[in-house]
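Step one of this worksheet: look at the structure below.
The values are calculated or read from the model by the stated rules, or taken from the named source; none is laboratory data. This one's a predicted model, so the numbers in the text were calculated from it and none came from an experiment. Cβ: placed from backbone, ideal geometry, glycine included. Neighbour counts: every protein chain shown.
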Amino acid sequence: MTHPRHSFLLVLALIMLLAACGGTASSAAPAATAAALVKGEFVGDAGHLAGIGLSTNGRQVVAYLCNGSYHRVTLSQWFEGPVTSKGIDITNAHGAHLVATMSARVITGTVTLKDGRSSSFTARLVPNPSMGWGLFRSEQTFSGVRYLGGWIFNPRKFASAPAGSRATLTAAVVPRMIGPEPEGGRGGVIDEQTGALIVSPPLDKANPFRVTVPNVGTFVLTQCLQAQC
């Protein structure tokens, strides 16, 4: 026979247990949903300063600023670093500063060089990077000297080119282009020993993933895809 006091204590314990379970369930907040990461390849212009290309996986970003053309190159800056909840805020080894906010289709920001020159930029998502649009990089060593090359291929440059121009005809035949501008993008090579900039000649028509710089060597291009290149 169960003692009445024991029955009372058992019932009280059950009530307390049910109350505790009910309280936990009612106070539990739904798990927060993580914001979608911005991933992809972005190209655009930093005003009159240069062309810009960015490649991101949502956590890291590789960016390149360059004004290289057939005739000259005076600006070539690489940026690599993290992407935070606030966007991009990177100062590279040469004192250039890039700050930007990101959305699924557009990256907007400002780049400021060590000499004080500054420009805002807008870079838009490349819808079909498999066609050879976006940011390309090449690191090579020749005669003990390290070189770093970069090319930015922007499909909108071709969309705005006059119909029947050499640029649009090349785009129709070789989707990955022979650059730099006006043939496909902005590019240049840095001599990392001296810091000298080398104008990028046209890419190889037979192999649009390489370029030969006279008296230096041949650079093989690697496309940047989600911050890997």
Among the listed residues Arg156, Arg146, Arg105, Arg137, which satisfies the condition of being of a type outside the set (Phe, Trp, Tyr), in contact with a strand residue (DSSP E or B) (Cβ under 8 Å, 6 or more places away or on another chain), at pLDDT 90 or above and more than 29 Å from Glu192 (Cα to Cα)?
Arg105
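Out of segment 129-141, which residues are without any contact (Cβ under 8 Å) to a residue 12 or more places away in the chain and either of a type in the set (Gly, Ala, Ser) or closer than 15 Å to Gly40 by Cβ (or both)?
Ser130
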Report the residue count in segment 87-98 for those that are closer than 17 Å to Thr122 by Cα and in contact (Cβ under 8 Å) with a residue 12 or more places away in the chain.
5
Taking segment 48-65, which residues are at pLDDT below 90 and either surrounded by fewer than 14 Cβ atoms within 10 Å (Cβ to Cβ) or of a type in the set (Lys, Arg) (or both)?
His48
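Just give me the residues in segment 124-138 being assigned to a strand (DSSP E or B) and within 22 Å of Val189 (Cα to Cα), in sequence order. Write out each step before concluding.
So the first thing to find is which residues in segment 124-138 are assigned to a strand (DSSP E or B), and the list is 124-125, 134-138.
Gly134, Leu135, Phe136, Arg137, Ser138, listed by residue number.
I'd like to check which strands (runs of 3 or more DSSP E) are fully inside segment 180-229 and have at least 2 residues that are modelled with pLDDT under 80 and more than 26 Å from Gly40 (Cβ to Cβ).
Details: elements: 185-191, 197-199, 210-213, 217-220.
In segment 180-229, no matching strands (runs of 3 or more DSSP E) lie anywhere.
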Expected output for segment 106-119 (first residue surrounded by 14 or more Cβ atoms within 10 Å (Cβ to Cβ), partner in a loop (DSSP other than H, G, I, E, B) and of a type in the set (Val, Ile, Thr), Cβ below 9 Å, 6+ apart or cross-chain) is Ile107/Val38
Counting only residues in segment 66-87 that are touching a Phe, Trp or Tyr at 6+ places or on another chain (Cβ under 9 Å) and buried (at least 21 other Cβ atoms within 10 Å of the Cβ), the one modelled with the highest pLDDT is identified as Phe79
